[in-house]
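See below for the structure under consideration.
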Amino acid sequence: MRTAAGAVAMLLAACGQAAAPASESAELRVCFPEVDPPRSERGGGGFDVDVAGYLARHLGRRLLVVWLPEEAQTDIESTDADYRPLLMGQCDLQLSVPGAEAIKRYRGWLVLSEPYYGVGFEVIPADSPFELDGPFDGTVAVRANTVAHLALNAAKIGWSQQSSNAGIVRAVAEGAAVAGLVWGPDLALLDSDHNPDFQAPPVLRWNLHAAFRKDSQLVDEVNRLIASAGFRAYVGTSLVKHGIPVRGPFASVHTPADLLAL
């Protein structure tokens, strides 16, 4: 993890004087990683940038983007994003936060909105009959040391270890694997269609939220927007625009107990 317990304690001690309440500002300051396509990329926009723009417009604020210098994620379902700028008041919110587990080390100083979309592992190609909880006669290409790899192993389904998503697509195209499991948002960066009928089990899916400081006055306003039909329609359209599979919030999602049970 990027944040040691001692560093978090120091941040918590300082956060009470870090920033003025959001209501005192006509801006909506949103933190984005510089390199996290298709959700955000400096100079290229992204799904999260679009969502932030929608929220700002409907909150009557001007969007101020705060770019966070950060290398591209290598652990594809990582929850180890840096929320320290939010904690310290550099921004009012961050987007696409995969549940309470992602912010637990901030000891209650951060809170989440209601979920507004879901992501998980998707199966390729588009006509693949693969289901994790059913019999499957074939090999599934997957990146090693991911939850998807562990789930295949636990289900005793043959798998082909790949070092990249491009490798998964190539293995399927060349017949080395019958199907592939790919982290949903990464499909936006690949030339491959997924099977929209595939329903990932809870261990392979997450709900995404906005995160705020616990003293934020924006939480209720943002939750009201998330519950609106207009916002739900906008999110669906934006997911399509950015090539991310359209999934609404799931009724049940990944928990630490799921991982331990594999």
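The values are calculated or read from the model by the stated rules, or taken from the named source; none is laboratory data. From a predicted model like this one, the values you see are computed outputs, not experimental measurements. Using ideal geometry, Cβ is built from the backbone for each residue, glycine included, and neighbour counts are taken over all protein chains shown. All accessible areas refer to the heavy atoms of the entire protein, side chains included, with ligands and DNA or RNA removed. Shrake-Rupley method; radii C 1.70, N 1.55, O 1.52, S 1.80 Å.
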Given [x] 25; [y] 19; [z] 13, the label whose value is percent of Cα pairs over 32 Å apart derived from this model: [x]
Computed E for THR255/ARG62 - FRET, C-beta separation, R0 35 angstrom, nearest 0.05: 0.35
Using a Förster distance of 25 Å, the FRET efficiency for ASP193-SER164 (Cβ separation, nearest 0.05): 0.85
At most 16 other Cβ within 10 Å, DSSP loop - trypsin sites (Lys or Arg not before Pro), the stretch 198-231: LYS214
Helical mean residue ellipticity (222 nm; -39500 (n - 2.57) per DSSP H run of 4+; nearest 500) of the chain: -7500 deg cm²/dmol
Size of charge dipole - the chain - debye, nearest 20, with Cβ of Lys, Arg +1 and Asp, Glu -1, no other charges: 740
Solvent exposure of the stretch 117-205 as accessible area per residue, Å², 1.4 Å probe: 44
Potential lengthening between THR237 and ASP215 on full extension [0.36 nm per residue; Cα-Cα distance subtracted]: 4.8 nm
FRET E, pair ARG224, ALA173, Förster distance 41 Å, beta-carbon r, rounded to 0.05: 0.35
Beta bridges by DSSP in the chain, antiparallel share as percent, to the nearest 5: 50
Inter-probe distance in nm under a simple model that places probes 7 Å from Cα toward Cβ, at LYS156 and ASP127: 3.1
Between helix 229-241 and the chain: long-axis angle, C-alpha atoms, 0 to 90°, nearest 10: 50
Charge dipole of the chain about the Cα centre (unit charges at C-beta), most positive-ward option of LEU189, ALA233, LEU152: ALA233
Angle between the chain longest axis and helix 47-59 axis [Cα atoms, degrees, rounded to 10]: 30
Listed residues VAL219, ALA102, PHE32: farthest to the positive end of the dipole of the chain (Cβ charges): VAL219
Enclosed volume per residue, in Å³, of the convex hull spanned by Cα atoms of the stretch 81-214: 120
Size of electric dipole in the stretch 49-164: Cβ of Lys, Arg +1 and of Asp, Glu -1, about Cα centre, debye, nearest 20: 580
Heavy-atom accessible surface of the chain: percent carbon and sulfur, 1.4 Å: 52
